[in-house]
2 protein chains.
Amino acid sequence: MYRSHTCGELRIENVGQKVTLAGWVQKSRKLGGMTFIDLRDRYGITQLVVEADAPAELVDIATSLGREYVIQAVGEVLERQSKNSKIPTGDIEIKVSGITILNKSVTPPFTIEDESDGGEDIRAKYRYLDLRRNPLKNALTLRHRIAHEVRNYLDSQNFMEIETPYLIKSTPEGARDFVVPSRMNPGQFYALPQSPQTFKQLLMVAGYDRYFQIVRCFRDEDLRADRQPEFTQIDCEMSFVEQEDVLGTFEGMMRTLFKNVLGVDIPNPLPRMSWYDAMDKYGSDKPDVRFGMTIHEITDAAKGKGFSVLDGASYIGAISVPGAAEYTRKQVDELTEWVKRPQVGAKGLIYIRVNQDGTFKSSIDKFYAPEDLAKIAEAAEAKAGDLILVMSGDNKRKVQTMLGVLRIEMGNRLGYRDPKVFAPLWIVDFPLLEWDDETQRFYAMHHPFTAPKPEHEALFYSDKKEDLEKVCANAYDFVLNGTELGGGSIRIHNADVQKRMFEVLGIGAEEAEYKFGFIINAFKFGAPPHGGLAFGFDRVCALFGGSDSIRDYIAFPKNNQGRDVMIDSPSEIDQIQLDELQIKTDVKGE
Amino acid sequence: MYRSHTCGELRIENVGQKVTLAGWVQKSRKLGGMTFIDLRDRYGITQLVVEADAPAELVDIATSLGREYVIQAVGEVLERQSKNSKIPTGDIEIKVSGITILNKSVTPPFTIEDESDGGEDIRAKYRYLDLRRNPLKNALTLRHRIAHEVRNYLDSQNFMEIETPYLIKSTPEGARDFVVPSRMNPGQFYALPQSPQTFKQLLMVAGYDRYFQIVRCFRDEDLRADRQPEFTQIDCEMSFVEQEDVLGTFEGMMRTLFKNVLGVDIPNPLPRMSWYDAMDKYGSDKPDVRFGMTIHEITDAAKGKGFSVLDGASYIGAISVPGAAEYTRKQVDELTEWVKRPQVGAKGLIYIRVNQDGTFKSSIDKFYAPEDLAKIAEAAEAKAGDLILVMSGDNKRKVQTMLGVLRIEMGNRLGYRDPKVFAPLWIVDFPLLEWDDETQRFYAMHHPFTAPKPEHEALFYSDKKEDLEKVCANAYDFVLNGTELGGGSIRIHNADVQKRMFEVLGIGAEEAEYKFGFIINAFKFGAPPHGGLAFGFDRVCALFGGSDSIRDYIAFPKNNQGRDVMIDSPSEIDQIQLDELQIKTDVKGE
């Protein structure tokens, strides 16, 4: 071993000990003939001192050290004259009697500090240097900790981690697969899994009862910010359970994580909200409930005053922004422009100031008398000092969604979204089916194997569209601070229910056989009632770390073009490899 | 929850309780009007009884149950009249008051018993049914247990599990890569990792100090029995360590596994054997040391008696097989044919019987007087009753390897290879370089980043071939019962040593830059001394389970053609997918 202690280990109790440390030179500075070196490793930083009267050779070496040199230092632990209370080793320093340079370093392209001077591109290219910085080291340490706690909890609950294959079969459903040409089976391809969904259900058929896996998944989608072509899931499935059992088990897991990793107690039981309430009050199926400012329907209060925009709307909704009555006209105009951007897509924004003296000032004063505005304010539950923001339209869910986006933005602006505050909840009672006007048919909101709620069986077998729209699914999402961290469902295990589901979705017997035949066949051999869920592990880590960038929580992420700029991948391959695979690239337009 | 208890849980203490169980019908039988049902789940089997005087409806349901039906049963726990001591629930049975059929099953294509009547092919196709059988369930349970213990141990030693990417870059070194066409970067490919070697070394450069990962690896090789295109490694790397530190750490891991998983104490410290000793005595770099029967060189004792085969050989070796002097001529002839098969490749086999009365009978009596044979027997350390088997040739290592294969075969035949006996050891002091006569150059025995032993530095910088052949590597293998379970090395972190290594291997600066430029560049920024190893996780599980078939320890394995016959993968994909990827299949000869 090149060291007797790590750079994060020595304390006042160690004074007088002879020690050997090894690590990287964080910085070194001369002070009155003495050389001070901050030596860094994964565990911390320890100050080394080479005194002015040290042997000339040692002084020379100490003077020659550059940033990020790897050295081994031998010396004695001394109590520091001026202590540094910011670091755990700040009470001591090492009086160095020998230094060995284990490896030199060329000058790094950016500073290895908490706040680096390097831009995003250069740090991505030299990811292995960026990873030396504390923010990334802390992120990966947290990730390890969370994975370990997840495994311990699930193991304690009798879950078995079972590895499912990565070289599987391309399926015509869902997102686009990454495929892998097979050399031994020319013209044929494996696919990388988008999730182990089929395999985990097979494991339930096989009787494994409680399965989990922290597993990589792959989706060849056009990437948006914060999407990765490969990502990690905590994937779980249980047999002989109802929805309540699944929620209880994974509420327990999240409670353990919050407690053991962050020292945070979350409510027991966790709040639950129906999908309908989430949409009505928060305009989102992943509501951020750290703050109120909920959406209120004001249709009745706002209609019939001769203002055609509102009179013609089938739904009018509002949020009341606390303290924002003071917003200037310029600020309100800016907000109006903000909601008109294509990302939100509103046609406009109506405002009503509720002044401290109880008077109103609005953009619709022409049509609404103060008592009309008071009625709206009452419906919007606005208080003195609030700014009421109103949107309207023909599609209730669409208006609510826009109001939901605005609500989040106002929450950000008002500092309501502290990443160190955690407000987890379950969203339940999702609609089973979504009607699509264009194709005039129903689609499964989750997937075609999600079970309807048992109490909705009559509705599920009804022929009426309005009945079918009311059927709720045995599905659930775990939502934290406005982000969906996980979700799942109870699966259909009964062949008759499955048949009815295909019927409702307009999937014929032949198409069902083609798309799902394999799993349907497996289910004929005694499938138990089962259900499960999956958490997005990268996102769990980011949120626990108080960040919304998953990229910092992945050791070697890809950029928005799906490239790893560090290793320069993807890249061209040798003709000999293509020949062996019996494929040709066929790139157009080059 | 569909049950109050599992099928493995109830004991005599539970008698009188009202319980609900759920599971699969293992078997059911009628006996004097009563129906007995063995109900199975992952946790065990519980006997259900429907009495003759039960309500007719219940009797009807009980009578209708087929094998592998999924049912829920309600009833009372009774003490059994005739107990079954073979199963933990054998003291009790459930007097059933109600049965719900949760799912029917068509008749499975083979019996779900410890010894199934199904052939390998049909069981592979219905893997989800085969997985219901105890041997496979026990194998996967063991696998989960081992993974969990590995993680707990390494976490306790400050190792961090860090996920490395699966979509990486194809490299021109090593085995064949599986590649993944990139849709977003047409004409370019990702590669699936053969191991995370580069990334784990980068993590050391990044200062992560102690890394591990239980990780999938991919190799597109022509498959031999018991090779899988995707397999799992326990992959580890440490910084600021010497060989001794790595061996100590992972000896500790294996000791913990043996103790916690199998209740077996392995020696502390573990035996170590140099590669040279392993080859000389066992004819293998992965010796099975559960039994002796080691190889002895008898060159001096056997030469010079006018028998041209031996007189012309540069190396003559022998093993003495205990008790085999009684082998008939036919048995010896069969052995001779066995070693002549291409898998062994010997030209022939000389035998010498050491009879109980001290006389000899050999296939070379014509040339060797009894006292000559006695000299050979002495050199071969043969005792009365032994059968000495002799091979010779020009290439010492080749002859030793053939004798090693024969030794293992004789060990099998004599029952010396009990899978419940464990004899782990380290193989150390591997040669750094292997000379290839054909290309007249050295190759790295391990890989070009493996460090030479520090004490062999002078030899390493010598120009003489015979000096370079003597250089040992800082490399090590963990061997158990004749199987290499893991191996690794201390890596070269010093640029000068690396340069010399490339020089010795005849790799020019340009070629080095092309093949290894990326990692060499990363090393310029302060690479710490580091080393590591990887264990073959599938194989660890199989050996711990007393099996030599890794396939039983993988939930969904592929066959020898790299196919998953259950999901029928690989398979053809849609033209639209090929078009999006801008590739064409180009299959010849079809």
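The values are calculated or read from the model by the stated rules, or taken from the named source; none is laboratory data. This one's a predicted model, so the numbers in the text were calculated from it and none came from an experiment. As a convention, Cβ positions derive from the backbone with ideal geometry for all residues, glycine included, and neighbour counts pool all protein chains shown. These area figures cover heavy atoms from the full protein model, side chains too; ligands, DNA and RNA do not enter into them. Shrake-Rupley method; radii C 1.70, N 1.55, O 1.52, S 1.80 Å.
Taken together, A:Ala444, A:Ala495 contain a single residue that is under 26 Å from A:Phe240 (Cβ atoms) and under 32 Å from the mean Cα position of the chain (by Cα), which is A:Ala444.
For the structure I just gave you, tell me whether B:Tyr443 is in contact (Cβ under 8 Å) with a residue 24 or more places away in the chain, more than 20 Å from B:Lys286 (Cα to Cα) and not β-branched (Val, Ile, Thr).
Values: in contact (Cβ under 8 Å) with a residue 24 or more places away in the chain: yes; more than 20 Å from B:Lys286 (Cα to Cα): yes; not β-branched (Val, Ile, Thr): yes.
Yes.
Among residues of segment B:50-72 that are within 14 Å of another protein chain (Cβ to nearest Cβ) and under 25 Å from A:Phe523 (Cα atoms), those with a Cβ under 6 angstrom from a residue that is open to solvent by 30 Å² or more (accessible area, probe 1.4 Å) and small (Gly, Ala, Ser), sequence gap 6+ or separate chain, pair up as B:Leu65/B:Ser28.
Do we have A:Gln233 as within 23 Å of B:Lys558 (Cβ to Cβ) and open to solvent by 10 Å² or more (accessible area, probe 1.4 Å) here?
Judged against the criteria, A:Gln233 is a match.
Within segment B:93-136, can you find the residues that are away from chain A (no Cβ under 12 Å) and either buried (at least 21 other Cβ atoms within 10 Å of the Cβ) or assigned to a loop (DSSP other than H, G, I, E, B) (or both)? Passing the criteria: B:Glu93, B:Ile94, B:Val96, B:Ile99, B:Thr111, B:Glu113, B:Asp114, B:Glu115, B:Ser116, B:Asp117, B:Gly118, B:Gly119. If I filter segment B:566-590 down to residues being among the hydrophobic types (A, V, I, L, M, F, W, C) and more than 19 Å from A:Phe516 (Cβ to Cβ), which single residue comes out as farthest from the other protein chains (Cβ to nearest Cβ)? Of everything passing the filter in segment B:566-590, B:Ile576 is farthest from the other protein chains (Cβ to nearest Cβ).
When the strands (runs of 3 or more DSSP E) confined to segment B:1-56 are screened for residues that are under 22 Å from A:Gln243 (Cα atoms), those reaching at least 3 such residues are found at B:18-31.
For every residue, the table says whether it meets (1) surrounded by 17 or more Cβ atoms within 10 Å (Cβ to Cβ); (2) closer than 30 Å to A:Gly546 by Cβ.
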{"site": "A:Asn474", "(1), (2)": "yes, no"}
{"site": "A:Leu480", "(1), (2)": "yes, yes"}
{"site": "A:Gly488", "(1), (2)": "yes, yes"}
{"site": "A:His493", "(1), (2)": "yes, no"}
{"site": "A:Asp496", "(1), (2)": "no, no"}
{"site": "A:Lys499", "(1), (2)": "no, no"}
{"site": "A:Ala512", "(1), (2)": "yes, no"}
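Anything in segment B:472-514 that is in contact with a helix residue (DSSP H, G or I) (Cβ under 6 Å, 6 or more places away or on another chain), of a type in the set (A, V, I, L, M) and under 25 Å from B:Phe250 (Cα atoms)? List them, or say none. B:Leu480, B:Leu485, B:Ile490, B:Ile492 - these are the residues of segment B:472-514 that are in contact with a helix residue (DSSP H, G or I) (Cβ under 6 Å, 6 or more places away or on another chain), of a type in the set (A, V, I, L, M) and under 25 Å from B:Phe250 (Cα atoms). Here A:Glu434, A:Glu457 are screened, and the one residue that is under 30 Å from A:Leu247 (Cα atoms), without any contact (Cβ under 8 Å) to a residue 12 or more places away in the chain, open to solvent by 30 Å² or more (accessible area, probe 1.4 Å) and touching a helix residue (DSSP H, G or I) at 6+ places or on another chain (Cβ under 9 Å) is A:Glu457.
Please verify whether B:Ile61 is over 24 Å from A:Val241 (Cβ atoms), among the aliphatic types (A, V, I, L, M), open to solvent by 40 Å² or more (accessible area, probe 1.4 Å) and not in a strand (DSSP E or B), treating the condition exactly as stated.
Answer is no for this residue.
Scan segment B:308-319 and give yes if some residue there is among the β-branched types (Val, Ile, Thr), open to solvent by 20 Å² or more (accessible area, probe 1.4 Å) and under 26 Å from B:Leu414 (Cα atoms), otherwise no. The answer is no, given that none of the residues of segment B:308-319 is among the β-branched types (Val, Ile, Thr), open to solvent by 20 Å² or more (accessible area, probe 1.4 Å) and under 26 Å from B:Leu414 (Cα atoms). Look at (1) within 14 Å of another protein chain (Cβ to nearest Cβ); (2) at pLDDT below 90 and you find that B:Ala512 fails only one, number (1).
Whenever a residue of segment B:9-28 is of a type in the set (Lys, Arg), its partners that are part of a strand (DSSP E or B), lying with C-beta atoms within less than 7 angstrom and at least six residues away or across chains, give the pairs B:Arg11/B:Ile92; B:Lys18/B:Glu76; B:Lys27/B:Asp38.
Residue-by-condition table, conditions (1) in the same structural domain as A:Gln72 (by TED's automatic domain parsing); (2) open to solvent by 50 Å² or more (accessible area, probe 1.4 Å):
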residue: A:Cys7; (1), (2): no, no
residue: A:Gln17; (1), (2): yes, yes
residue: A:Thr20; (1), (2): yes, no
residue: A:Trp24; (1), (2): yes, no
residue: A:Gly33; (1), (2): yes, no
residue: A:Phe36; (1), (2): yes, no
residue: A:Gly44; (1), (2): yes, no
residue: A:Gln47; (1), (2): yes, no
residue: A:Glu57; (1), (2): yes, yes
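The sole residue among B:Gly187, B:Gly248, B:Gly174, B:Gly252 that is facing chain A (nearest Cβ under 7 Å) and open to solvent by 10 Å² or more (accessible area, probe 1.4 Å) is B:Gly187. Per the conditions (1) open to solvent by less than 10 Å² (accessible area, probe 1.4 Å); (2) out of contact with any helix residue (DSSP H, G or I) (no Cβ under 8 Å at 6 or more places or on another chain), the sole criterion not satisfied by A:Lys396 is (1). Kindly check whether there is at least one residue in segment A:485-500 that is more than 14 Å from chain B (Cβ to nearest Cβ), closer than 21 Å to A:His148 by Cβ and at pLDDT 90 or above. Yes, that holds for at least one residue.
When segment B:146-171 is examined, which residues are found to be facing another protein chain (nearest Cβ under 7 Å) and over 17 Å from B:Leu262 (Cα atoms)?
B:Asp155, B:Met160, B:Glu161, B:Ile162, B:Glu163, B:Thr164, B:Pro165, B:Tyr166, B:Leu167, B:Ile168, B:Lys169, B:Ser170
Considering segment A:190-208, the residues that are surrounded by fewer than 24 Cβ atoms within 10 Å (Cβ to Cβ) and hydroxyl-bearing (Ser, Thr, Tyr) include one that is farthest from the other protein chains (Cβ to nearest Cβ), namely A:Ser195.
Annotation note: of B:Thr401, B:Thr450, the sole residue that is under 24 Å from B:Pro287 (Cα atoms), among the hydroxyl-bearing types (Ser, Thr, Tyr) and outside the structural domain of B:Ile490 (by TED's automatic domain parsing) is B:Thr401.
Scanning segment A:377-388 turns up no residue that is in a strand (DSSP E or B), out of contact with any His (no Cβ under 9 Å at 6 or more places or on another chain) and open to solvent by 70 Å² or more (accessible area, probe 1.4 Å).
Here B:Tyr276 meets the list (1) aromatic (Phe, Trp, Tyr); (2) open to solvent by 60 Å² or more (accessible area, probe 1.4 Å); (3) touching a helix residue (DSSP H, G or I) at 6+ places or on another chain (Cβ under 9 Å) almost entirely, failing just condition (3).
Scanning segment B:539-561 for residues that are within 12 Å of chain A (Cβ to nearest Cβ), open to solvent by 10 Å² or more (accessible area, probe 1.4 Å) and within 15 Å of the chain's Cα centre (by Cα) turns up B:Tyr553, B:Ile554, B:Pro557.
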